[in-house]
Amino acid sequence: MVARALISVFDKTGLDDFARDLHELGVELVASGGTATFIAELGLPVTRVDELTEVPEMLGGRVKTLHPAIHAAILARRDLETDIAALERHGIEPFDLVCVNLYPFQQVAARKDVREEDAVEMIDIGGPTMLRAAAKNFVHVLPVCEAERYGTIVAELRESGDIGIQTRRALAAEAFSHTAAYEASIATWFADRESFPDRLLLSLEKVIDLPYGENPHQRAAYYAEFGARRHLLSRVDQLGGKQLSFNNLNDLDAARSLVREFTVPACAIVKHANPCGCALAADVEDAYAAALAADPVSAYGGVVALNRKVEAPLAERIAAQFTEVLIAPEYSPEAIEILRRKEGTRILQDRERRGPGPGERNLRRVLGGFLVQDADLEHEDRDRMETPTSRSPNEATWGDLLFAWRVAKHVASNAIVLAKGLQTIGIGTGQPSRVDAVRIALEKSREHGHDPTGSVLASDAFFPFPDGPELALDAGVMAIIQPGGSKRDDEVAAAVDRARAVMVLTGRRHFRH
């Protein structure tokens, strides 16, 4: 039976109703510090922790609950006579429910330019200790750390007068997961002083269940890093359409990352995590039209990412195509009404304005572990790029080269991007042979009515032989941008010179496997 509850929460969301409900059920309320004041202001009787311990809060609140009168009351086993005798000998009454949530370390530590001493003060000591003690003694004590549990606990108490063992086990699992994630976030914060610490702790919390994984026979869910300032669905509202799937989210991440490369009006259309069309323009309507025209066949059922508001005319054009997911920063009411007619389109509003933080890492699962690397977030400085050919790019060509180069960073290796007029016109992706990637990009270009004459080519890594560039130059490509670094760079540059074309070396590659 639940007769006595200890409550100590930083986040008091839902506590008013929970405290009232427990009081109505005849549960004695004991609370610490600000929680006790909050409950008292509700007009409910509450015993303060320092009345039990007979020791006032110390060290500016750092020590409140670290006392045998608290922890013996939590850890005592009710079916063990020696434990009960010890409580009686010291005049300690047991607790049957411990409700604790912790100082918001993650939120404070994630703030820009947070001082180390401010972050350290948000490391909770007493809270995790009480919660772990209650979870260890779950057979006799209810550990509660999620406000979402308040209602179900009260309902079960009203129905049966107690909480069943299955619920108790579930609450214990939640409590240990909660404290483990909390400790992991603190350890990660300290470890981030090193680039790659000896022990890397991952702490993830489920955001949504997904209908299935990459294939219907695979179960799936989306988890975010615990306490992360930003993640794939942070500050993203779904305004219409079906539930997001695993593949939707994978493509969404790719499309959103690509369109965020640009500050001018841009559109990226992604299929199977690779761009099939991307374009920049004076307005977002023209950017969408150009991105769609780049490869309208592949764009069918893709993810469309825009970086400007969607008005009704653009919504009509998008609704005329089958689009799995549409994401934009804003929509007019008329645009939303038009888009909602297409029940299959998931309409997302992206209100996230924060960019990726320094030190973000990418993880890829391999057998028995993970490969961990820095995220590929850097942009190359044009002034540091080299032009080994006798001709140099003019300003218009520079624009196309840098545009194609940024798109290539988001294409699976081997990656080749053809562009003209700030529009992709052919993309060769994921090929074991770079020559084959060039050939596919050219074929894609012609297949959709684009003339590669006068276009530029971006390659995510160097050309080991002149054969790939020669294939493109013979088709009319007039400028190439690539990292360089091959033993045969001079041979490649000579081939470009013979075609009276231009080549730029960036000095950095962008493999994406």
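The values are calculated or read from the model by the stated rules, or taken from the named source; none is laboratory data. Keep in mind that what you see is a predicted model, and the values were worked out from it rather than measured. Please note: Cβ atoms are built from the backbone with ideal geometry, for glycine as well, and neighbour counts cover all protein chains shown.
Some notes on this structure:
Each row is one residue, and each column tells you yes or no for (1) crowded, with 20+ Cβ neighbours inside 10 Å; (2) among the acidic types (Asp, Glu); (3) assigned by TED's automatic domain parsing to the domain that holds residue 294; (4) more than 21 Å from residue 295 (Cβ to Cβ).
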| site | (1), (2), (3), (4) |
| --- | --- |
| 386 | no, yes, no, yes |
| 389 | yes, no, no, yes |
| 393 | yes, no, no, yes |
| 404 | yes, no, no, no |
| 431 | no, no, no, no |
| 455 | yes, no, no, no |
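- Of the residues making up segment 155-184, those that are within 12 Å of residue 2 (Cα to Cα) and surrounded by 19 or more Cβ atoms within 10 Å (Cβ to Cβ) number 2.
- So residue 415, is it crowded, with 16+ Cβ neighbours inside 10 Å and within 20 Å of residue 254 (Cβ to Cβ): yes
- Scope segment 82-137; condition in contact with a strand residue (DSSP E or B) (Cβ under 7 Å, 6 or more places away or on another chain), modelled with pLDDT of 90 or more and small (Gly, Ala, Ser); matching residues: 134, 135
- For residue 340, the conditions (1) in contact (Cβ under 8 Å) with a residue 24 or more places away in the chain; (2) touching a helix residue (DSSP H, G or I) at 6+ places or on another chain (Cβ under 8 Å) all hold with the exception of (2).
- Among the residues of segment 470-495, the ones that are more than 25 Å from residue 410 (Cβ to Cβ) and of a type in the set (Val, Ile, Thr) come to 0 in all.
- Any chance residue 429 is under 19 Å from residue 396 (Cβ atoms) and in contact (Cβ under 8 Å) with a residue 24 or more places away in the chain: no
- Subset of segment 315-337 [touching a strand residue (DSSP E or B) at 6+ places or on another chain (Cβ under 8 Å) and either aliphatic (A, V, I, L, M) or in contact (Cβ under 8 Å) with a residue 40 or more places away in the chain (or both)]: 315, 318, 324, 325, 326, 327, 328, 331, 335, 336
- When each of 271, 309, 242 is tested for being of a type in the set (Lys, Arg), in contact with a Ser or Thr (Cβ under 9 Å, 6 or more places away or on another chain) and within 21 Å of residue 208 (Cα to Cα), the lone residue that passes is 242.
- Checking each residue in segment 3-20 for being out of contact with any Leu (no Cβ under 8 Å at 6 or more places or on another chain) and in contact (Cβ under 8 Å) with a residue 60 or more places away in the chain picks out 3, 8, 11, 13, 14, 15, 17, 18.
- Residue match in segment 457-465 (condition: among the polar types (S, T, N, Q), more than 35 Å from the chain's Cα centre (by Cα) and surrounded by 24 or more Cβ atoms within 10 Å (Cβ to Cβ)): no
- Here 174, 205 are screened, and the one residue that is among the acidic types (Asp, Glu), at pLDDT 80 or above and not assigned by TED's automatic domain parsing to the domain that holds residue 132 is 205.
- Extreme residue, nearest to the chain's Cα centre (by Cα), among residues of segment 3-22 that are under 21 Å from residue 167 (Cα atoms) and surrounded by fewer than 20 Cβ atoms within 10 Å (Cβ to Cβ): 14
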